[in-house]
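Comments concern the structure below.
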Amino acid sequence: MAISGHCIRLCILSFILLSVALPAFPQTDDRIQQIEKKLQDLLAQAAQLRQELDALKGVTSPPAEDLMAIEIAPPPPEALTDVQTVVNPSTAASGRGLNPDIAVIGTMVSQAGQQNFVEPREPFEFEEAEIAFEAFIDPYAKGRFFISAGAHGVEVEEAYAQFLTLPYGLTAKAGKMKALFGKANTWHTHMRPWVDQPLMVSSFFGGEGLSDHGISVSKAIANPWNTFIEATGEVYSGNAEGVFEREVSNDLFYNAHLKLFRDIDESSNIEIGTSLARGTVAEEGSSRYAGVDVTYRWKPLSRSIYRSFAARFEGLANRREGADETLYGYYASADYQLARRWLAGVRLDGADRADHLSDRGLSATLTFRPSEFSQLRGQFRRTAYDSLETVNEFLIQLQFSIGAHGAHTF
């Protein structure tokens, strides 16, 4: 049915264009009959295409006479003056540029169970409203703005221009953005497969992750191994809250990331990444991070909307110039799609703190997705904060979105 509707719309547009193209000729009965005959020929071709498509699908087509019997009234004379506005590509492009993709994504979280004094939460809290603006600036660059509003106030989460067609196969971003360190650090709240951040991210990078103002340059590396390899180098201002703090103007924060992606078969793939970051901590000297991330995905083509599986591991090590110890953090998770709208997962994570203290956690999640625009997620979380306390919590998260949100990074 879809192709028949498309063909009918094509026929209508052809009829209008023919009417506009002949203003200098008198609208005699013979001329009208010629136009009607051409329109009937177009309808006959549409009916034939419809029958051929249905034959390939193995379904029965309605008789061709049903489609050809459709009567199409001629457009009113005043409508013909607007045809050029409808089909003029420059006008359409101009309107598209003035109307970027806009989305608002809301996240509400409820907490029950033992009171968590280390990571306190309200019984009910509207955690975040993310407002996203995305559009092409011109054929060579795209702009992205993400504004986060919540209990913490209003802030620009990310705002950058992405240049897609630089020489030598390079791409670049400039503005405020999340550093490409690992995987979990780069996700926005609505992209996480859990309600909370892993201990590794929240302990080392804070609740919002590692982000700053700077420049990022990436290049895909050709190779004979049928593997996608991408190298990224980034330079930031050096003021990443809770992570790096610039003392003098040249105390910048540097980050490098190397990603390898390969299809295992038609249903599964694996991605491996490694990250290195270096900056300055006020009065403590340099601070260095090294990380590795591995993601395995399985999604069978024949059952892709009903079954999928993802396994993730990410770890990092942090060494500060003035410290005599190296701190480690990690998480390992597995998420399985039970049915079209149901997913379940588990996560094991941990993070070291100074003075040889460490936190450990275990989580289980169950997610219900009525559609791509909403989801309800429950998470049981048991966290042992070293010698402080062990907390058992149950978190419930509601997410909903309106508008056109761009595709997420794979």
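The values are calculated or read from the model by the stated rules, or taken from the named source; none is laboratory data. Keep in mind that this is a model prediction, so the values were computed, not measured. For neighbour counting, all protein chains shown are included, and Cβ atoms are generated from backbone atoms with ideal geometry for every residue, glycine included.
Here are the numbers for the structure shown:
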item: Matching residues, segment 163-207, being among the β-branched types (Val, Ile, Thr) and in contact with a helix residue (DSSP H, G or I) (Cβ under 6 Å, 6 or more places away or on another chain); result: Val201
item: Condition check for Val195: β-branched (Val, Ile, Thr) and surrounded by fewer than 19 Cβ atoms within 10 Å (Cβ to Cβ); result: no
item: Condition broken by Ser216, with the remaining ones in (1) touching a residue at least 40 places away in the same chain (Cβ under 8 Å); (2) of a type in the set (S, T, N, Q); (3) over 30 Å from Glu283 (Cβ atoms) satisfied; result: (3)
item: One residue from Lys142, Lys219, Lys173, Lys178 being closer than 24 Å to Arg312 by Cα and of a type in the set (Lys, Arg); result: Lys178
item: Of residues in segment 395-410 being surrounded by fewer than 15 Cβ atoms within 10 Å (Cβ to Cβ) and modelled with pLDDT of 85 or more, the one farthest from Glu127 (Cα to Cα); result: Gly403
item: Which listed residue, of Asp265, Asp251, is within 30 Å of Tyr306 (Cβ to Cβ) and acidic (Asp, Glu); result: Asp265
item: Which listed residue, of Tyr385, Tyr331, is surrounded by fewer than 20 Cβ atoms within 10 Å (Cβ to Cβ), assigned by TED's automatic domain parsing to the domain that holds Ser148, under 16 Å from Ser203 (Cα atoms) and aromatic (Phe, Trp, Tyr); result: Tyr385
item: Residue among Gly279, Gly206, Gly291 that alone is under 23 Å from the mean Cα position of the chain (by Cα) and either among the hydrophobic types (A, V, I, L, M, F, W, C) or on the phi < 0 side of the Ramachandran plot (or both); result: Gly291
item: Which listed residue is closer than 22 Å to Met177 by Cβ and of a type in the set (D, E, K, R), from Glu247, Glu284, Glu234, Glu266; result: Glu234
item: Which listed residue is surrounded by fewer than 16 Cβ atoms within 10 Å (Cβ to Cβ) and either basic (Lys, Arg) or in contact (Cβ under 8 Å) with a residue 60 or more places away in the chain (or both), from Arg246, Arg262; result: Arg262
item: Count - residues of segment 198-229 that are surrounded by fewer than 20 Cβ atoms within 10 Å (Cβ to Cβ) and in a strand (DSSP E or B); result: 9
item: Pairs with Cβ under 6 Å, 6+ apart, first in segment 273-286 and in contact (Cβ under 8 Å) with a residue 40 or more places away in the chain and assigned by TED's automatic domain parsing to the domain that holds Arg319, second small (Gly, Ala, Ser) and assigned to a loop (DSSP other than H, G, I, E, B); result: Ser275/Gly182; Gly279/Gly238
item: Output for segment 270-314, where each listed residue is part of a strand (DSSP E or B) and charged (D, E, K, R); result: Glu271, Arg278, Arg288, Asp293, Arg297, Arg312, Glu314
item: The lone exception for Asp265 - which of (1) assigned to a loop (DSSP other than H, G, I, E, B); (2) closer than 30 Å to Ala240 by Cα it fails; result: (2)
